[in-house]
Amino acid sequence: MEIEIFGMGSVSFKRIILDFNGTLAVSGVLKEGIKNILEKLSKEFEIHVVTGDTFSSAKEQLKDLDVKTVIAPLINQTAFKLDYAKSIGLSNLVAIGNGKNDSLMLKHAHLGICVIGQEGASIEAIQNSDIVVCDIISALELFVYPKRLVATLRT
């Protein structure tokens, strides 16, 4: 996806990396409407889900979707998520998350989006994001309706 944002020029996004719990899911269960929008976005973007998988449910919940699911180790999840983001390329990468362990991938991705949902969001995730939204559907719809990105990011 390539868009023109006044003050930033032409911006291209090719990959989306997402957290699972607190971002795509609540208590380990995908939020309503997520499957449909991820199916739509996976036709245009390479989608990765990198999670600490608190409820051990991510792979099962995402099994029917065209996304790569990666479970982070219990320790050093912040560094693991950043390293994974670097391994797929930070340029053209959108990172979406809510937790402290998402903060560095949000900071270093081309575009970081913090989701403040039912589980809340860490202050580190908020401070390291370019955009903050109140729910995951709003975050994902920025790429279905890219003029919303333009409206938020233009200078």
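Could you tell me which residue of the range 83-93 is farthest from T152 (Cα to Cα), considering only residues that are surrounded by 15 or more Cβ atoms within 10 Å (Cβ to Cβ) and touching a helix residue (DSSP H, G or I) at 6+ places or on another chain (Cβ under 9 Å)?
Y84
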Quick one: how many residues across the range 107-127 are surrounded by 15 or more Cβ atoms within 10 Å (Cβ to Cβ), in contact (Cβ under 8 Å) with a residue 24 or more places away in the chain and touching a Ser or Thr at 6+ places or on another chain (Cβ under 8 Å)? 7
Is it the case that the range 135-143 has a residue that's in contact (Cβ under 8 Å) with a residue 12 or more places away in the chain, among the acidic types (D, E), more than 22 Å from A25 (Cβ to Cβ) and surrounded by fewer than 18 Cβ atoms within 10 Å (Cβ to Cβ)? no
Limited to the range 84-103, what total is found for residues that are closer than 14 Å to D19 by Cα and over 12 Å from the mean Cα position of the chain (by Cα)? 3
Within the range 76-97, work out how many residues are on the phi > 0 side of the Ramachandran plot and either in a helix (DSSP H, G or I) or without any contact (Cβ under 8 Å) to a residue 60 or more places away in the chain (or both). 1
How about the range 1-45: which of its residues are in contact (Cβ under 8 Å) with a residue 24 or more places away in the chain and basic (K, R)? K14, R15, K31, K35, K40
Could you figure out which of (1) crowded, with 23+ Cβ neighbours inside 10 Å; (2) in a helix (DSSP H, G or I) isn't true of V49? (2)
Among the residues of the range 7-45, which ones are β-branched (V, I, T) and within 12 Å of the chain's Cα centre (by Cα)? I16, I17, T23
Before we move on, is D130 closer than 14 Å to F20 by Cα, buried (at least 17 other Cβ atoms within 10 Å of the Cβ) and acidic (D, E)? no
Counting just the residues of the range 63-82 that are farther than 18 Å from G99 by Cα and in contact with a helix residue (DSSP H, G or I) (Cβ under 8 Å, 6 or more places away or on another chain), which one comes out surrounded by the fewest Cβ atoms within 10 Å (Cβ to Cβ)? D64
Within the range 1-27, considering residues that are of a type in the set (S, T, N, Q) and part of a loop (DSSP other than H, G, I, E, B), the one surrounded by the most Cβ atoms within 10 Å (Cβ to Cβ): T23
Kindly indicate whether E60 is over 18 Å from C134 (Cα atoms) and free of Cβ contacts under 8 Å to residues at least 12 places away in the same chain. yes
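Just so you know, all these numbers are worked out from the coordinates, no wet-lab data involved. Nothing here was measured: the structure is a model prediction, and the numbers come from that model. Because the Cβ atoms are built from the backbone with ideal geometry, glycine has one as well, and the counts that use them run over all protein chains shown.
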